[in-house]
Amino acid sequence: MIATRSPGLGPILSRTFYRRPATQVARDLLGKVLIHGATGGVIVETEAYLGLDDAASHAYRGITRRNAVMFGPPGYAYVYFIYGMYECVNVVTEPDGKAGAVLIRALEPLLGIELMQSRRPTAKRPRDLASGPGKLTLALGITRALNGADVTKGALIVRDRRGAAPFEIEASPRIGITKNADLPLRFTIKGNEFISR
DNA sequence: GGTAGGATGGGCT
DNA sequence: GCCCATCCTACCC
């Protein structure tokens, strides 16, 4: 089902949008468009990661060199390296000084699809291009060089969308974690075929 | 349709 | 030295 596809990009999301609780931002990012350079897609799956109270969060044990961006001002990218091979992208939420971020887990490809395919030669079908946090960073060319980048301006941005069909939000447990794994902090566009599972 | 196992290296105890 | 906010291939229904 392609419930979200239709043209009409709106304005870039403001810093105020991100200066809110991670759980709220995670829900509200669904249906928005993540863009890097000539490539981009509709956000169809997110996860909220909280701060010092969330054992699954990189921020749980306090500030370190890796996670420092999560403790800074909202509206910046937190990109980290995982499993020796992949990178994942978050947007930082909450006011400056309070840790929180939203992991972008899946996109419905929208812009620069041919370029994404060339970056993801193992993808057999469009739904495999960006249906996972490591896949979408490859498809969009997002690397750790973008850690700390301002997502309210520049090459990596999130834009609103006009004229998209309405959708339902489904909440479920976060994927791939073992600690604090019961909370329903994963959000998906219900029925969308581009989610990670 | 489904899943088990391996790849691969930074981060932190 | 162990733990990962993962993905792909091979193999089995």
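No value in this document is a laboratory result; all are computed from the given coordinates. Everything numeric here is computed off the predicted structure, so don't read it as measured data. FYI the Cβ positions are ideal-geometry reconstructions off the backbone, even for glycines, and counts take in every protein chain you see.
Can you name every residue in the range A:53-73 that is assigned to a loop (DSSP other than H, G, I, E, B) and within 13 Å of DNA strand B (Cβ to nearest atom)? Those that are assigned to a loop (DSSP other than H, G, I, E, B) and within 13 Å of DNA strand B (Cβ to nearest atom): A:ALA55, A:SER57, A:HIS58, A:ALA59, A:TYR60, A:ARG61, A:GLY62, A:ILE63, A:THR64, A:ARG65, A:ARG66, A:ASN67.
One residue alone among A:ILE142, A:ILE175 is out of contact with any helix residue (DSSP H, G or I) (no Cβ under 6 Å at 6 or more places or on another chain), part of a loop (DSSP other than H, G, I, E, B) and buried (at least 20 other Cβ atoms within 10 Å of the Cβ), and that residue is A:ILE142. Answer with yes or no whether A:GLU45 is closer than 25 Å to A:GLU193 by Cα, in contact with a Ser or Thr (Cβ under 8 Å, 6 or more places away or on another chain) and within 14 Å of DNA strand B (Cβ to nearest atom). Against the criterion (closer than 25 Å to A:GLU193 by Cα, in contact with a Ser or Thr (Cβ under 8 Å, 6 or more places away or on another chain) and within 14 Å of DNA strand B (Cβ to nearest atom)), A:GLU45 does not qualify. Inside the range A:96-110, residues that are more than 18 Å from A:ALA56 (Cβ to Cβ) and either of a type in the set (Val, Ile, Thr) or surrounded by fewer than 20 Cβ atoms within 10 Å (Cβ to Cβ) (or both) make up a count of 2. Give me the residue from the range A:84-95 that is in contact (Cβ under 8 Å) with a residue 12 or more places away in the chain and more than 18 Å from A:ALA48 (Cβ to Cβ) and, out of that set, surrounded by the fewest Cβ atoms within 10 Å (Cβ to Cβ). Result: A:MET85.
With the requirement that a residue be among the polar types (S, T, N, Q) and within 19 Å of A:ARG174 (Cβ to Cβ), what does the range A:20-72 give you? Even if it seems obvious, please write down each step before you answer.
To start, the set of residues in the range A:20-72 that are among the polar types (S, T, N, Q) comprises A:23-24, A:39, A:46, A:57, A:64, A:67.
Answer for the range A:20-72, where residues must be among the polar types (S, T, N, Q) and within 19 Å of A:ARG174 (Cβ to Cβ): A:THR23, A:GLN24, A:THR46, A:SER57, A:ASN67.
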